[in-house]
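Worksheet: the structure to be examined is printed underneath.
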Amino acid sequence: MRIIRRQVSPKERGYSLIEMLVVVAIVGILALVTVPNFMSMYRSSKLKTSMRQFTNHVRAARQSAVTRATLVRIAFVNNSRLYYIFQSEDQGTTWDPLGTNPKYLDETVFFENSTGATKFSDAVDDGGLGDLPDIIFDRTGVARVSGGSGVLKIKSTFEDIGRTEFTVNVRSSGAVNAQ
């Protein structure tokens with residue numbers, strides 16, 4: 001019995017096993033190079049997002065103090081990712097939660113208690129939440145800070161990113177910026 005084979009044009013030919021293996025190898029090498037860079041970028045964006053979220057909460061707390069004509073306090077749990085926002089209508093004798101508490105930074109980010117770096121007023125901190133002093137805004141939006149500026153560090157738990165920390169400054173005027 002004779003088998004008749006039809007001529008296959010170059011357009012109809014498939015890929016050889018060697019060609020497929022070369023393509024798989026190239027894709028594998030590209031993945032080895034790009035995945036670590038992507039993970040570093042992803043972790044860095046989590047730190048930036050947490051910093052932006054926190055500064056927005058600080059600005060909103062200041063606005064709330066002005067709008068409600070009350071004291072507003074941001075209290076921190078040191079070396080943690082937790083913080084609370086309270087308000088007081090009786091000049092700091094009692095503090096009631098303002099909004100949903102506690103608030104969290106991303107799970108890969110925390111507040112650092114760096115000795116001497118934080119200068120926020122600690123007048124109403126009863127020590128129940130930790131060593132980080134509180135940020136307190138009065139009804140005019142002025143922040144209670146000594147030396148004209150309060151400093152707080154937000155750090156990432158990952159060391160493989162380009163920038164592992166941000167510094168949030170709160171001036172006595174109530175202005176908030178991050179560096």
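The values are calculated or read from the model by the stated rules, or taken from the named source; none is laboratory data. On a predicted model such as this, the values are computed, not experimentally measured, just so you know. Neighbour counts are summed over all protein chains in view; Cβ atoms, including those assigned to glycine, are modelled from backbone coordinates with ideal geometry.
Here are a few things to note about the model shown:
- Enumerated strands (runs of 3 or more DSSP E) restricted to segment 76-179, each holding at least 2 residues that are in contact with a Leu (Cβ under 6 Å, 6 or more places away or on another chain) and either at pLDDT 85 or above or not aliphatic (A, V, I, L, M) (or both): 82-88
- Considering residues of segment 1-32 that are modelled with pLDDT of 90 or more and of a type in the set (Val, Ile, Thr) only, the residue farthest from ALA175 (Cα to Cα): ILE18
- Cross-chain or 6+ apart pairs with Cβ under 7 Å, segment 137-155 first and hydrophobic (A, V, I, L, M, F, W, C), then at pLDDT 75 or above and part of a helix (DSSP H, G or I): PHE137/ALA61; PHE137/ARG62; PHE137/ALA65; ILE154/SER50; ILE154/MET51; ILE154/PHE54
- Top-ranked residue in segment 53-77 [being in contact with a strand residue (DSSP E or B) (Cβ under 6 Å, 6 or more places away or on another chain) and hydrophobic (A, V, I, L, M, F, W, C); ranked as surrounded by the fewest Cβ atoms within 10 Å (Cβ to Cβ)]: LEU71
- Verdict on ARG68 being within 22 Å of ASP134 (Cα to Cα), touching a Phe, Trp or Tyr at 6+ places or on another chain (Cβ under 9 Å) and among the basic types (Lys, Arg): no
- Where a residue in segment 161-179 is surrounded by 14 or more Cβ atoms within 10 Å (Cβ to Cβ) and its partner, wherever it lies, is in a loop (DSSP other than H, G, I, E, B) and aromatic (Phe, Trp, Tyr), with Cβ under 8 Å and at least six apart: THR164/PHE158
- Residue within segment 63-70 that is of a type outside the set (Ser, Thr, Tyr), under 25 Å from the mean Cα position of the chain (by Cα) and modelled with pLDDT of 85 or more present: yes
- Pairs where the first residue, in segment 81-105, is closer than 15 Å to VAL66 by Cα and the second is basic (Lys, Arg) and surrounded by 15 or more Cβ atoms within 10 Å (Cβ to Cβ), C-beta under 8 Å, 6+ apart: ILE85/ARG73; ILE85/LYS103; PHE86/ARG73; GLN87/ARG73; SER88/ARG73
- Of all the numbered requirements in (1) modelled with pLDDT of 90 or more; (2) in contact with a Leu (Cβ under 8 Å, 6 or more places away or on another chain), HIS57 misses one, and that requirement is (2).
- Residue check, SER50 modelled with pLDDT of 90 or more, surrounded by 10 or more Cβ atoms within 10 Å (Cβ to Cβ) and in contact with a strand residue (DSSP E or B) (Cβ under 6 Å, 6 or more places away or on another chain): no
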